[in-house]
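Quick note: the coordinates plus some simple rules give every number you see, no bench work behind them. Just so you know, these numbers come straight off a predicted model, no measurement behind them. Cβ placement follows ideal geometry from the backbone for every residue including glycine, while neighbour counts extend to all protein chains displayed.
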Amino acid sequence: MAAAVSRSAALRRPRLPLFLPPPPPGAARPGPRPRSSGPPAMQPAARGWLTGLRFDNRALRALPVEEPPPGGDPAPRPVPGACFSRVRPSPLREPRLVALSAPALTLLGLGPPPEAGPESEEEEPEKEEAGAGAPRSRRRRAASGPEAELELYFSGNALLPGSEPAAHCYCGHQFGSFAGQLGDGAAMYLGEVLGPSGQRWELQLKGAGLTPFSRQADGRKVLRSSIREFLCSEAMFHLGIPTTRAGSCVTSESKVIRDIYYDGNPKYENCAVVLRIASTFLRFGSFEIFKPPDEHTGRKGPSVGRNDIRIQMLDYVISSFYPEIQAAFAENSVQRNAAFFREVTRRTARLVADWQCVGFCHGVLNTDNMSIVGLTIDYGPFGFMDRYDPDHICNSSDTTGRYAYNKQPEVCKWNLQKLAEALVPELPLELSEPILEEYDAEFERHYLHKMRRKLGLIQLELEEDRELVSSLLETMHLTGADFTNTFYLLSSFSVASEPTQGACFLDQLAQQCASLEELKLAFRPQMDPRQLSMMLMLAQSNPQLFALIGTKASINKELERIEQSSKLQHLSATELISRNREHWEAWLQRYR
């Protein structure tokens, strides 16, 4: 993925966007389009490939919407009594398409893009661009046809007929603390498009400019993060994991300053916009706008006391996205709400199990990043594990490891607890809390089902399969095996292999394990020995004080690091390979 990002970021004038099928033989290429002068402005819609999309913006009809203040100022402000605030995208300078997912756009009823007109390029004199650094030579290019439409409408430079841009208001618990009003600070709802079979798809532009929820930020995203979101959204879908989709990525000559490496050396970067597609982008935090003042932070939701809006939101969400529940419990709203919470709990448990089975780390599992329909949303500092490490952290801001790989199941259950609290009084806690206890069993059931399939255990299910999976992960951890490559190699494992073939297979497994230097670094102790000694004494003598500054789990992990580190100090590289082969040979015998 890193290679794909760097290649995409280096493109100056891509001839064809990533993932867009090439034109048929003999098709003409897009023609020149003059470079705009002066500040960009919203452009009028014109008939074309995209303008036939059928919008039906049910969310804005069903939920309260704040009208913008006079002048349409998007300045940050509280938005009480509303689920959305009307906004307008901020146009970009010279938008150009760099990535497109045809499979995602078919959801909207868009077939292959029609043929485009010719394209030409001409040199412009070198000139200094304001705030962009050294002068450079620039080309101007103008496209016609579908590429030009995608650049125009999915950059935010023009609105499609029927589109009603708005920013969604929500709150959230961030890293365990209630943060108050958050909302779409860099994303905009465009509307809901009816697909070919009547399915409803919400369109959203991420990086389209300022909204009332932008706080101290600028409402923009850059090409780096946009390409990452585009690629991972589509990759997760094709891995069979519920996710929002990415239809396109458009970059531009508009620039913002970002500290790329967080080292105090900010640089100008090109703004980019991703078209995101989902049934809805409502989230757990959407129901937290009614939260009274938090006992720890003192912050509250902007619509505290507005239970009428909470009822509206429940009616809208359940009737729109859980119609079978609405039909089954039409006469009893409390039972309906309980069935809704049970289904959200089930979907969330299965989603996290899917993540664990592919080594995916979300990175920022705040309540405002949890989908109300069980999708993976908001790809920020995500990551896929290479070397298997249950404590893997993909977010440099997560200094406590709250969202580490092995913490994802429990933190998502914690987030469900916050959703349950946000649904009171429409769903009393005495009804939601027993439902929440079903989460662990659903997670374990789906996780084991998926892991059995990954290991090819599909004809017979045995009780010891669970232990087989656990011992596989332990073997990966001890040997520093690559998570994805291990499963890839196991797919070619033969029960009936000859001894020489078995030895060759063991060699392949050993080659993708971590080196001695990598393992020493991975198991390096994190605590000063004197600090650890003090913590161990405190755990024995004063458990109450120890609970304020540490946990038994953290101490046990440190003791494990020390034990493994001590073993590694006395190993040579050759002895490590021999030890790894022994570990894998023992597990493969059980697997066989």
- request: Average the reciprocal distances over every distinct pair of alpha-carbons in the stretch 440-512, invert the result, and give the Kirkwood radius in Å.
  value: 13.5
field: Interchain or long-range residues, amide H under 5 Å from A99's placed H
entry: L18, C249
Stokes-Einstein D (µm²/s) once Rh is taken as the Kirkwood radius of the stretch 280-356 over alpha-carbon pairs, at 4 °C in 1.567 mPa s: 93
field: Inter-part distance where the stretch 304-376 and the stretch 172-188 are each reduced to a Cα centre, Å
entry: 18
- request: Count neighbours as other Cβ atoms within 10 Å of each site's Cβ, and list the chymotrypsin sites (Phe, Trp or Tyr not before Pro) in the stretch 221-312 that are DSSP loop with at most 10 such neighbours.
  value: Y261, Y262
Selection from L468, L536, T486 lying farthest towards where the dipole of the chain points positive, charges on Cβ: T486
Per-pair calculated FRET efficiency, R0 = 51 Å: R445 and E498 via Cβ, rounded to 0.05: 0.85
message: Using a 7 Å offset from the Cα along the Cα-to-Cβ direction at both D259 and E518, what is the distance between the two label points in nm, to one decimal?
response: 3.1
- prompt: Using only the Cα atoms of the chain, what do you get for the radius of gyration and for Dmax, in Å?
  reply: 26.5, 82
message: Just to confirm the filter: which GluC sites (Glu not before Pro) across the stretch 292-366 are DSSP coil and have at most 16 other Cβ within 10 angstrom of their Cβ?
response: E295, E331
message: Give me the percent relative contact order of the chain, please, defined on Cα pairs under 8 angstrom at least 6 residues apart.
response: 11
- request: Within the stretch 433-504, list the GluC sites (Glu not before Pro) lying in a DSSP loop whose Cβ has at most 14 other Cβ atoms in a 10 Å radius.
  value: E437, E438, E461, E463, E464
